[in-house]
Each structure stands twice: as structure tokens, then as C-alpha cells.
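Reviewing the structure listed below.
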Amino acid sequence: MNKVDAYTPHRCSRGMHQLIFKLLVTGMIVFTLLHPWVCYSHGALPAFDEIPVNLNIKGICSMEVDAMIRGKEIYLPVTEIFTILKINNHLSVGMDSVSGFFINPDANYVIDGALNRIYYDGKIIFLEEEDVIKTETNFYLSAKYFGDVFGLECRFDFRNLTVFMETTLELPLI
């Protein structure tokens with residue numbers, strides 16, 4: 001037996017390595033095509049749509065405002081709603097927070113979209129990332145927080161694209 005015959009098993013394994021490589025590549029391609037991947041870039045959330053809705057403030061007025069819809073959730077433009085209600089508000093330069101006072105000058109608030117928090121009257125309300133939408137032109141907050149935090153209860157009628165807002169507070173608009 002010469003030295004070349006001693007390495008005979010290695011000559012056969014070259015073809016075996018190629019077969020294993022082809023099977024692995026084929027398996028990865030099939031897995032990639034059949035596996036349901038959900039990918040978000042940098043924690044991006046599902047898409048939203050900007051639509052005009054009718055804002056009906058019970059006993060006061062009714063007007064059209066632009067709102068955001070994600071799924072069945074409605075987001076209202078904070079500065080526009082507060083301006084309509086004559087509630088003091090200031091949008092930050094970076095358009096990622098709104099601050100001011102709510103009815104009483106001692107009741108300060110900050111809706112901070114960067115830190116996902118609402119500071120109001122000495123309390124901190126933590127928000128989920130999807131509760132705030134910041135666009136190039138506006139700052140939107142999930143309608144449930146208008147009621148939960150500020151007492152401006154909102155009910156969205158998707159069929160009629162109408163937000164019904166009710167409150168027992170004496171708003172400056174009144």
C-alpha cells in the first residue's frame with residue numbers, strides 16, 4: 001500500500017462535502033421562502049393613515065380635523081385639539097412634545113413623545129411607543145389618553161369617521 005491509497009477516504013469526502021453544502025443551501029432557501037418573517041426597521045410600528053375626521057365636541061361645536069388611524073385606534077393632533085378648546089399649549093421645536101397648562105395655570109402638563117410619558121399635575125403617566133405618532137407636521141396622541149388623563153372622553157365612530165368628545169369640565173372655550 002502506497003501513501004496515496006492511505007488517503008482514499010478523503011477523496012470520497014470531497015463529493016460528500018459538495019452534496020452537504022448543496023443540501024444546506026437548498027434547505028436555507030426553502031426555509032426562508034416558507035417561514036413567515038415579520039421585520040420592522042429600528043422598532044418601526046405598523047403603518048398608519050392620515051384622514052380627516054369630524055370632531056364633535058358635545059354641546060360646543062363640530063369641525064373637521066386631520067387624525068391618524070392605525071388599525072382601529074384613532075390618534076388626535078394634540079396642539080390642534082387643545083387650540084380649539086383654548087387650552088394653553090406649546091409644541092416643541094423638534095415636534096416631539098407638547099407642554100402648557102390645562103385650564104388652571106397651576107395644572108402644568110408635558111406630553112413627551114421622546115420619553116413616552118405624560119407629566120400632568122404632579123403625576124407621570126407612562127405611554128407605550130405606539131401611543132404617540134410624530135410626523136413632520138404634527139404630534140398625535142392616542143384618543144384614549146385625552147379621556148384618561150385630561151377628562152376629555154373620546155368615542156370614535158369608524159363608520160361615520162366622527163370623534164365624539166364629551167367632558168364635564170368647564171373648558172376655556174365655553
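Just so it is clear, none of the values below were taken in a lab; they were calculated from the coordinates. Everything numeric here is computed off the predicted structure, so don't read it as measured data. Reconstructed Cβ throughout: ideal geometry from the backbone, glycine too, with neighbour counts over all protein chains shown.
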Under the 0.36 nm per residue contour assumption, what length would be gained going from the current alpha-carbon distance of Tyr119 and Asn104 to full extension? 3.9 nm
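Note the full-extension length gain between Ser92 and Ile20 as 0.36 nm times their separation in residues minus their Cα-Cα distance, in nm to one decimal. Intermediate results must be reported in sequence, preceding the final value.
On the way: separation 72, 0.36 × 72 = 25.92 nm, distance 5.92 nm.
Gain in length upon complete extension: 20.0 nm.
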Label-point separation (nm) for Ser62 and Phe164, each offset 7 Å from Cα along Cα-to-Cβ? 1.2
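Given the pairs Lys58/Lys134; Lys58/Lys123; Lys72/Lys134, which span a C-alpha to C-alpha distance of over 21 angstrom in this model?
Details: Lys58/Lys134 28 Å; Lys58/Lys123 28 Å; Lys72/Lys134 18 Å.
Those over the limit are Lys58/Lys134; Lys58/Lys123.
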Just to confirm the filter: which GluC sites (Glu not before Pro) across segment 65-174 are DSSP coil and have at most 16 other Cβ within 10 angstrom of their Cβ? Glu128, Glu136, Glu170
